[in-house]
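Asks: Please find one structure pasted underneath; my questions will follow.
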Amino acid sequence: MLCTPVQPWLARRLKVTPKQLNLERLRNYQLRQLNRTLALAADQSPFYRERLQPWCREPLSDLSELAKLPFTTPEELRSQGMQMLATSQSAIERVVTLESSGTTGSPKRLWFTAEDLARTQEFFRCGMSQVLQPGYRVLILLPGELPDSAGDLLARALAAMGVESRIAGLVLDAGRWADVLAREPFDCVVGIPWQVLAVLRHPLAQFVPRGRIKSVFLTSDYVPKPLVAEIRKRWDCPAFNHYGMTEFALSGGVECLALDGYHLREADFFFEVIDPDSSRPLPPGQLGEVVFTTLDRRGMPLIRYRTGDLSYWHPEICPCGSFLPRLAKIHGRLAARRELDKGLSLQMPDLDEILLPVPGLRNYTASLTRQDNTCTLQLILEAAPGREPSTLWAVERLLPEIPAVRAALDQKCLQVLPPQLAGAPLPVSATVKRSVQSN
Ligand SMILES: [Zn+2]
């Protein structure tokens, strides 16, 4: 198996040969960059000047000392983002506004310099270089109309390696793109998991010649294992999981051919996995919240930014042979976890793993209502035409097989209503921002 391309990319960034690169060199580089970031932030950013004042008199002598510094939260980014800037606004290439996930509060705004965006493009090329060659064609099922949007940045990054892209935008009509894939030779597809599934399961997708699509990259949401298996079965190709979020300037890590966790963009970010309750960094194997600090960002540094994403460090060395640490696939979000009972919680990844294999299921939404000590779970399904009864039946039968649902049913703190069919196709937002809604 080919070793992750993240390793030679890191060597280039650290200005050493791939043979000279080792974990000690990487950590030393990160410590130097971290101290630079802290000095820049304490000097130039009004928010961090105040925040770091008690800590930043001396540079850190070890990366473990970072753990004593305070976190930056998404709420602070939302309310004090402007004060986090460490450069003049004229040096900023792109301002990204993220919709607020709650019903109150202002939206998150992030500022990126041209250099920040160029680094993202460099990492896009690194991740995709393991499957793309000059002359290949990529179908990008991501928004790309605006300059520097995800699709646009990716397409321009790929053009620099001689790869042609077509930006489709979010999938509003799965049949159209299944038909395009059947008629036109695309070597690679990039998209959001349930949107790619909708294309994959469309009847027209059966005309895509096996072996033509050589790889799929899935981003922005949880990637259920059965989806990777179904892509392998139908299109006979690997499906790589990319770890993206806007706060990274879109790209934080990417899977290697082992397809089991991300090698991270560690020249640009220092990552931690912390216990969300005690805030302590966790050892490999223990699930916690992913926290990152930017190492090379001039415009808007983020220090110990709490992503809300749940994951853990893989305890074993990656089968690709790399010495680099490996972050397990993101297993949902802290804020999206819905409590069923003491110690029992539920979120979309738990449902996705069990329900995705239902062949007629195109998408679904889930809602959880609480009254006194009992929760009620209700799913609304979008099923393939003609397969509605079998889909309803299969989902109803599978729901008690979800471990948290089973345990809650046994403890008599959960009631599961029979699933219902959506009256109309579920809106695109239900495919892109999936979470168990609580009422
Ligand atoms: Zn690997």
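Asks: For segment 116-144, enumerate the residues that are basic (Lys, Arg) and at positive phi.
Replies: none
Asks: Please work out which residue is farthest from the ligand (Cβ to nearest atom), limiting yourself to segment 1-45 and to residues that are exposed (fewer than 15 other Cβ atoms within 10 Å of the Cβ) and aliphatic (A, V, I, L, M).
Replies: ALA39
Asks: Restricting to segment 248-271, name every residue that is within 11 Å of the ligand (Cβ to nearest atom), touching a residue at least 40 places away in the same chain (Cβ under 8 Å) and part of a loop (DSSP other than H, G, I, E, B).
Replies: Within segment 248-271, CYS256, LEU257, ALA258, ASP260, GLY261 meet the criteria.
Asks: In segment 308-318, which residue that is in a strand (DSSP E or B) and over 14 Å from GLY253 (Cα atoms) is farthest from the ligand (Cβ to nearest atom)?
Replies: Going through the qualifying residues, I end up with GLY308.
Asks: Within segment 157-209, how many residues turn out to be surrounded by fewer than 15 Cβ atoms within 10 Å (Cβ to Cβ) and under 25 Å from ARG125 (Cα atoms)?
Replies: Residues flagged as surrounded by fewer than 15 Cβ atoms within 10 Å (Cβ to Cβ) and under 25 Å from ARG125 (Cα atoms) within segment 157-209 amount to 7.
Asks: Now for a different question. Go over the candidates GLN121, GLN80, GLN130 one by one and state the one that is buried (at least 18 other Cβ atoms within 10 Å of the Cβ), assigned to a helix (DSSP H, G or I) and in contact (Cβ under 8 Å) with a residue 24 or more places away in the chain.
Replies: Going through GLN121, GLN80, GLN130 in turn, the sole match is GLN121.
Asks: A further question on this structure: Just to be sure I understand, how many residues within segment 276-305 are closer than 23 Å to ASP260 by Cα and buried (at least 21 other Cβ atoms within 10 Å of the Cβ)?
Replies: Summing the residues that are closer than 23 Å to ASP260 by Cα and buried (at least 21 other Cβ atoms within 10 Å of the Cβ) in segment 276-305 gives 5.
Asks: Test ARG57 against the stated conditions and say whether it is in the same structural domain as LEU282 (by TED's automatic domain parsing) and modelled with pLDDT under 95. Lay out the reasoning, then the answer.
Replies: Numbers: in the same structural domain as LEU282 (by TED's automatic domain parsing): yes; modelled with pLDDT under 95: yes.
In short, yes.
Asks: Please go through segment 46-71 and pick out each residue that is hydroxyl-bearing (Ser, Thr, Tyr), out of contact with any Ser or Thr (no Cβ under 9 Å at 6 or more places or on another chain) and buried (at least 18 other Cβ atoms within 10 Å of the Cβ). Spell out how you get there, then give the answer.
Replies: Looking only at segment 46-71, we keep the residues that are hydroxyl-bearing (Ser, Thr, Tyr), and these are 48, 61, 64.
Retained after the next criterion (residues that are out of contact with any Ser or Thr (no Cβ under 9 Å at 6 or more places or on another chain)): 61, 64.
Of everything in segment 46-71, nothing turns out to be hydroxyl-bearing (Ser, Thr, Tyr), out of contact with any Ser or Thr (no Cβ under 9 Å at 6 or more places or on another chain) and buried (at least 18 other Cβ atoms within 10 Å of the Cβ).
Asks: Considering segment 261-288 alone, what residues qualify as being more than 14 Å from the chain's Cα centre (by Cα) and either under 16 Å from VAL223 (Cβ atoms) or among the basic types (Lys, Arg) (or both)?
Replies: Of everything in segment 261-288, just one residue is more than 14 Å from the chain's Cα centre (by Cα) and either under 16 Å from VAL223 (Cβ atoms) or among the basic types (Lys, Arg) (or both), namely ARG280.
Asks: Looking at segment 354-367, can you tell me whether even one residue there is within 21 Å of the chain's Cα centre (by Cα), small (Gly, Ala, Ser) and either under 21 Å from VAL428 (Cβ atoms) or at pLDDT 95 or above (or both)?
Replies: yes
Asks: Ok, one more. Go through segment 179-214 and give me each residue that's touching a Leu at 6+ places or on another chain (Cβ under 8 Å), under 16 Å from GLN130 (Cβ atoms) and not acidic (Asp, Glu).
Replies: CYS188, VAL189, VAL190, ILE213, listed by residue number.
Asks: Part of a loop (DSSP other than H, G, I, E, B), exposed (fewer than 15 other Cβ atoms within 10 Å of the Cβ) and free of Cβ contacts under 8 Å to residues at least 60 places away in the same chain - does that describe any residue in segment 319-335?
Replies: no
Asks: Moving on to the next point. Checking the condition out of contact with any strand residue (DSSP E or B) (no Cβ under 9 Å at 6 or more places or on another chain), farther than 28 Å from PRO319 by Cα, in a loop (DSSP other than H, G, I, E, B) and assigned by TED's automatic domain parsing to the domain that holds ASP275, which residue from ALA86, ALA39 passes? Walk me through it before giving the result.
Replies: Numbers: ALA39 fails: in a loop (DSSP other than H, G, I, E, B).
Result: ALA86 is the single residue among ALA86, ALA39 that is out of contact with any strand residue (DSSP E or B) (no Cβ under 9 Å at 6 or more places or on another chain), farther than 28 Å from PRO319 by Cα, in a loop (DSSP other than H, G, I, E, B) and assigned by TED's automatic domain parsing to the domain that holds ASP275.
Asks: Residue under question is LEU302, and the condition is that it be more than 16 Å from the ligand (Cβ to nearest atom) and under 17 Å from LEU250 (Cα atoms); does it hold? Even if it seems obvious, please write down each step before you answer.
Replies: Details: more than 16 Å from the ligand (Cβ to nearest atom): yes; under 17 Å from LEU250 (Cα atoms): yes.
Against the criterion (more than 16 Å from the ligand (Cβ to nearest atom) and under 17 Å from LEU250 (Cα atoms)), LEU302 qualifies.
The values are calculated or read from the model by the stated rules, or taken from the named source; none is laboratory data. Please read all numbers here as calculations on a predicted model, not as lab measurements. Cβ: placed from backbone, ideal geometry, glycine included. Neighbour counts: every protein chain shown.
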